[in-house]
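Derivation of every value follows stated rules applied to the coordinates shown; laboratory data play no part. Here the structure is a predicted model, which means the values were calculated and not measured. Here Cβ is always computed from backbone atoms with ideal geometry, including for glycine, and neighbour counts include all displayed protein chains.
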Amino acid sequence: MKREESTGLPRRAGFLVRRRAVRMLAHATFFCLVAGAAPAASLRIASGFDPQTMDPHALALLYQSRIYQQVYDSLVNRDEQFRIEPALALSWQATSPTTWRFKLRPGVSFHDGSPFSADDVVFSIERALGPTSQRAFQLKGVTGAKKVDALTIDVLLAAPDAVLPDKFIGLAMMSKAWCAKHGVERAQDFNGKQETHAVRNASGTGPFRLERYEPDVRTVLKANPAWWGRGDKRNGNLDEVSYIAIRQDATRLAALASGEIDLVLDPPFQDVERLKTDRALTVLQMADLGQQYFTFDQARDELEGSDVKGRNPFKDLRVRRAVYQAINVELIVQKVLRGQGTPTGAFLSPRVDGSLPELDKRLPHDPAKAKALLAEAGYPNGFAVTLDCVNIAYRENACQAAAAMLTQVGIRTTLRSSPTNQFFPRLSQGTSAFIEFGWTPTTDAWATLNALFHTWSKDGFGTFNAGRYSNPQLDTLIDSIRVEPDLTKRRAMTGVALRLIGEDLPYVPLYRRTLSWAMAAKVSAVQWPNDIIELRWVRVK
């Protein structure tokens, strides 16, 4: 776009500039008013993780969701108490056993000024269901969407779905025209390392627009003054937000102490108690909705990188149980997490609908039993294996401690720590022999059961089943949960599925963290149990 100097503008152009200036001033004034008369403010956030991509359908990663959900709205969202509430959809209802009708919010515009309509919703659902999307698992059972009129769509299902609206939480609505203009009608193939316009650019309808994304350095967002929700009384006063990737724990805290950073989303566990005593800071804490796991390669007949040839020890339940009982998770929580976590034997948080509290108790830590199980399985001398872990300090330290415990019982474990851009493809492609990872569920169990425990297929089943575990009985049960309309029956079926998983041990459940956010005292925020900060509600004094 050609830039013109003010001294050389024709009269009509000068009028347009003045009118534009008046509009900008009006937006700024309005922004201050809805923020409780507080002046617009900036916020600098530090985390050890980079979002990897701005394409909202290319990944299903917490550290990406933290950012793209500020830029892209979804049909439904959550309120301060984490309950579902309307967003781009004002209302929804089942009009038949296999059809849900969504009424869309009028007067909404994308960041480029183009109007939001039913065409964009139909396009976004189809894009999210596409072969390169890592969000397809979230919509399993949705066969497509149909435009009814400019502000109404029908979501079409293969079978009844009692909790369909929940599946749209966090599912970004994109501009059909913008995607066509930039050649990104399909989601980025993240695992294929594809580069597209949507990796570093965005045009959503959300409260913030993407100013720039510098991978592994920073992401800068600017408030969207034309956002449809700008008049909400809950809103804060942010005008600009910078997410800064700082992998080193000490460096993040030093930046917070010096005032270069206003908020750290992942302060080191060993420093949290000290941070609580600092009057210049506020520390928010909440139990994590998600948790950490180990999972095993159960697809290959020979364990990659092992000194046992022609066999895969992890296909034997006794070996998986030996891994479980060799690891002293209570000690890891005490020493690595400094007590800021909860050891768990469950595969889903008790906050997830249908999860059984009695499953939260772990099997006892018993190295002697672990050795006996290995010998019984035909591995009296143990075997060697490589454990994959992301190179973030607390997770590295937890993996290192577990590796030492496993080695003591004969499972000679070598830790391979990798940056996120190498680690996450290993996870989603199922190429690791033994891997540690975390998962944050929704409050409905089906999405997690389908994503982690269903047999993998390219059609959106088992998308993050990193070990390629397969149990046809469990698959049938998970598929039945999806289509069961009676919530009481769904909860009971979820309990049966979780018991079956506990008997089969395709994963080793480890712990749920205590989430901690450390921020300057001038910052106030609403903390959610999924570790995502909603910038729309943040206020800086």
Selection from ALA94, LEU62, ILE533, by position along the positive dipole direction of the chain (Cβ): ILE533
Identify which of the listed values of volume of the Cα convex hull per residue in Å³ was calculated from the structure shown: [x] 150; [y] 207; [z] 159. [x]
Taking the Cα centre of segment 306-360 as the origin, how large is its charge dipole in debye, to the nearest 20, when only Lys and Arg (+1) and Asp and Glu (-1) carry charge on their Cβ atoms? 340
Segment 313-429: relative contact order in percent, alpha carbon pairs under 8 Å with at least 6 residues between: 27
Listed pairs LYS167/LYS371; LYS181/LYS458; LYS181/LYS522; LYS140/LYS369; LYS458/LYS489 exceeding 32 Å between Cα atoms: LYS167/LYS371; LYS181/LYS522; LYS140/LYS369
Segment 386-464 pair-distance distribution - Cα-Cα, 5 Å bins, rounded %: 3, 14, 21, 20, 18, 15, 8, 2, 0
Between segment 464-500 and segment 179-229, how far is it from one alpha carbon centroid to the other, in angstrom? 35
Would you please state which residues of segment 358-390 a label at ARG311 would reach in this model, taking the label point 7 Å out along Cα→Cβ and a backbone N cut-off of under 16 Å? 371-385
Collect residues whose amide H, placed 1.01 Å from N in the peptide plane, falls under 5 Å from the amide H of ALA58; neighbours closer than 5 in sequence don't count. GLN134, GLN188
Report the relative contact order of the chain, percent, no decimals, based on alpha-carbon pairs under 8 angstrom and at least 6 residues apart. 19
Which three extents, in angstrom, do the Cα atoms of segment 74-214 have along their principal axes, listed largest first? 43, 33, 32
How large is ³J(HN,Hα), in whole Hz, for each residue of segment 493-510 in order, when computed from phi with the Karplus curve 6.51 cos²θ - 1.76 cosθ + 1.60 and θ = phi - 60°, using x for Gly and Pro? 5, 4, x, 5, 4, 5, 5, 5, 4, x, 6, 8, 6, x, 10, 9, x, 10
For segment 45-134, just run the numbers: alpha carbon Rg, then divide by 2.2 N^0.38 Å, N being how many residues it has. 1.22
Karplus-derived 3J(HN,Hα), 6.51/-1.76/1.60, for each residue of segment 123-131, Hz, glycine and proline x: 4, 5, 5, 5, 5, 5, 8, x, x
Report the gain in length on full extension from ASN421 to ASN201: 0.36 nm times residue separation, minus Cα-Cα distance, nm rounded to one decimal. 77.3 nm
Net dipole in debye of segment 206-355 [+1 Lys, Arg Cβ; -1 Asp, Glu Cβ; about Cα centre; nearest 20]: 320
Towards the positive end of the charge dipole of segment 413-523, with charges on Cβ (+1 Lys, Arg; -1 Asp, Glu), say which of GLY462, GLY438, TRP517 has the farthest Cα. TRP517
Considering amide H positions built from the backbone, and no H for Pro or chain starts, which residues 5 or more places from GLY339, or on another chain, come under 5 Å of its amide H? GLN334
5 angstrom amide H check on LEU238, placed H, neighbours 5+ away: ALA41
Backbone HN-Hα couplings from phi across segment 215-231 [Karplus 6.51/-1.76/1.60, Hz, Gly and Pro as x]: x, 6, 10, 7, 10, 10, 10, 10, 4, 9, x, 8, 4, 4, x, 4, x
Between segment 362-402 and segment 504-528, how far is it from one alpha carbon centroid to the other, in angstrom? 25
Rounded to the nearest 5, the percent of DSSP beta bridges in the chain running antiparallel is 75
Quick one: putting +1 on the C-beta of Lys and Arg, -1 on the C-beta of Asp and Glu, what dipole do you get for the chain around its Cα centre, in Debye to the nearest 20? 1260
Any idea what log10 I(q)/I(0) is at q = 0.09, 0.20 Å⁻¹ for segment 164-312, Debye with uniform C-alpha scatterers and no solvent? -0.53, -1.33
Computed helical MRE - 222 nm, the chain, DSSP H runs ≥ 4 contributing -39500 (n - 2.57), nearest 500: -8500 deg cm²/dmol
Segment 240-298 and segment 420-444 have their Cα centres apart by a whole-number Å value of 21
Of ASN471, LEU406, LEU427, which is farthest along the charge dipole of segment 406-534 in the positive direction, counting Lys and Arg as +1 and Asp and Glu as -1 at C-beta? LEU406
